[in-house]
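The values are calculated or read from the model by the stated rules, or taken from the named source; none is laboratory data. Note that this is a predicted model, so its numbers are computed, not measured. Glycine also receives a Cβ, built like all others from the backbone with ideal geometry; neighbour counts cover every protein chain displayed.
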Amino acid sequence: MNVTLLGGTGDIGEGLALRWARDTDHTVVVGSRDAQRARDCVAAYERVLADHGADGDLVGCGNEEAAARGDVVVCAVPAYHLTDTIDTVADALDPGDVLVTPAVGMKHDEDGAHYNQPGAGSVTALADRAAPAGVPVVGAFHNLPAAPLADLGFDVDADTPVVGDDESAVETVVDLAEGIEGLGARRAGGLANAAEVEALTALLINLGKHDADLHDVWVRFG
């Protein structure tokens, strides 16, 4: 399967790219607004994998080409770029492709991080509105701290909630998530539940900020 990461040169994109490249047989397509930056990042990711005695099938290209290649397309961009990015690649998405968003609306002040809920109800709902007809949207990977995810010397021991209205698309993303060693996927219902999942991210950031025993916080359910 081809797994595309739009914004695959960013923090969460890097971690997911490295983990899927090392732990699965999927082709990982790293997308960027700048195709050369995507290729440069792929070269850097390959060096990281080699340093850990691993390799993977990685490709770098511009976002539109990356979207066209993907069976699952993860829009790993900040919430404020999400709908614009989807609009840019909409013509490259085919019916049956799965669009995944880990984006969370966030605002920060001296007290910490706060969930910035959009009028649509959730950032995942915004992605669903922007997605072309026939392309189901799934919310996942919201709660994964980027720095340790990108550190292949760190053993993941965590779960990620997954939300979506299309059962087949949800199962595809559950399988994809669980391809990462140590990561579990927990079905959290339909897109109507996305706000509760997204809001969890602010809590985890605040625990890392205010509790001296915690830094990058992971969650394991059950």
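Below are the figures for this structure:
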read-out	value
Condition broken by Asp159, with the remaining ones in (1) assigned to a strand (DSSP E or B); (2) without any contact (Cβ under 8 Å) to a residue 60 or more places away in the chain satisfied	(2)
Search result, residues across the range 144-157 that are surrounded by fewer than 22 Cβ atoms within 10 Å (Cβ to Cβ) and not β-branched (Val, Ile, Thr)	Pro145, Ala146, Ala147, Pro148, Ala150, Asp151, Leu152, Gly153, Phe154, Asp155, Asp157
Odd one out for Ala177 among (1) farther than 16 Å from Ala17 by Cα; (2) touching a strand residue (DSSP E or B) at 6+ places or on another chain (Cβ under 9 Å); (3) in a helix (DSSP H, G or I)	(1)
Criterion violated by Glu110 - all others in (1) closer than 24 Å to Lys209 by Cβ; (2) at pLDDT 95 or above; (3) among the acidic types (Asp, Glu); (4) over 17 Å from the mean Cα position of the chain (by Cα) satisfied	(2)
Residue within the range 150-173 that is under 20 Å from Gly8 (Cα atoms), touching an Asp or Glu at 6+ places or on another chain (Cβ under 6 Å) and modelled with pLDDT of 95 or more present	yes
Filter result for the condition that a residue is touching a Leu at 6+ places or on another chain (Cβ under 9 Å), farther than 20 Å from His26 by Cβ and either among the polar types (S, T, N, Q) or surrounded by 22 or more Cβ atoms within 10 Å (Cβ to Cβ) (or both), over Pro161, Pro132	Pro161
Matching residues, the range 41-75, being closer than 26 Å to Asp97 by Cα, assigned to a helix (DSSP H, G or I) and hydrophobic (A, V, I, L, M, F, W, C)	Cys41, Val42, Ala66, Ala67, Ala68
Condition broken by Asp87, with the remaining ones in (1) in contact (Cβ under 8 Å) with a residue 40 or more places away in the chain; (2) of a type in the set (Asp, Glu); (3) surrounded by 16 or more Cβ atoms within 10 Å (Cβ to Cβ) satisfied	(3)
Test: Ala188 is modelled with pLDDT of 95 or more and surrounded by fewer than 19 Cβ atoms within 10 Å (Cβ to Cβ)	no
Yes/no for Thr9 being of a type in the set (Val, Ile, Thr) and part of a loop (DSSP other than H, G, I, E, B)	yes
